1. With springs only between Cα atoms under 10 Å, which of 68, 47, 100 fluctuates most in a Gaussian network model of the chain?
2. Once you mark the GluC sites (Glu not before Pro) that are in a DSSP loop and have at most 15 other Cβ atoms within 10 Å, what is the longest gap between them in the chain?
3. Compute the angle between helix 10-23 and the longest alpha-carbon principal axis of the chain, please, reported from 0 to 90 degrees and rounded to the nearest 10.
4. Would you work out what percent of the accessible area of the range 1-74, with all protein chains in place, is carbon or sulfur (probe 1.4 Å)?
5. At a 1.4 Å probe radius, which order do 86, 13, 21 fall into by accessible area, largest first?
6. For the range 1-59, run through the chymotrypsin sites (Phe, Trp or Tyr not before Pro) and keep only the ones in DSSP coil with at most 14 other Cβ atoms within 10 Å of their Cβ.
7. Taking only protein heavy atoms into account and a 1.4 Å probe, give the accessible area per residue of the chain in Å².
8. Ignoring everything but the protein chains, give the 1.4 Å probe accessible area of residue 81 in square angstrom, nearest 10.
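The values are calculated or read from the model by the stated rules, or taken from the named source; none is laboratory data. Fair warning: this is a prediction, and the values are worked out from it, not measured in the lab. Cβ: placed from backbone, ideal geometry, glycine included. Neighbour counts: every protein chain shown. Just so you know, the surface numbers come from the protein's heavy atoms only, side chains and all, with ligands and any DNA or RNA stripped out. Shrake-Rupley method; radii C 1.70, N 1.55, O 1.52, S 1.80 Å.
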Amino acid sequence: MSVKRVEATQEAKEVIEMLKKEYGELVFNQSGGCCDGTAPMCYEKSDFYVPSRNVKLGEICGCEFFIDSEQFEYFRHSQIIVDVKKEQGAFGNSFSLEIDHGYQFITKSRIFTDEEYKSLED
């Protein structure tokens, strides 16, 4: 059984692929709050410096996904599932790329079973 720490819904994958066609390589960073809220943020890979304290959780659609190391401790036993919703009211209100296309990525999570946790990919 192959278990990943981060996955994306089919709807999120479709938006990610649309963004990749427009912007090229992308990178995700799970925001920890403050002005970015708690949404996963999507950036052009060349526009985002990954802080050295961040942990790479995995990849979705070939895009690296990072999270702050302290925040990772809260999600260590959880799978992060990136989903997307239509968001017409947030235009220009975020640095995340999908916002100006009328979408917003959101994070859902679930706790791994004991069996899944033991078989996690590194």
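1. 47
2. With GluC sites (Glu not before Pro) excluded where exposed in loops, the chain gives 26-120 as its longest stretch.
3. Taking the Cα atoms of the chain, the angle to 10-23 is about 50 degrees.
4. Here carbon and sulfur together make up 47 percent of the probe-accessible area.
5. Greatest to least solvent exposure: 21, 86, 13.
6. Numbers: sites: 23, 28, 43, 48, 49; in loops: 48, 49.
Passing both the DSSP loop test and the Cβ count: 49.
7. 59
8. Accessible surface of residue 81 is approximately 40 Å².
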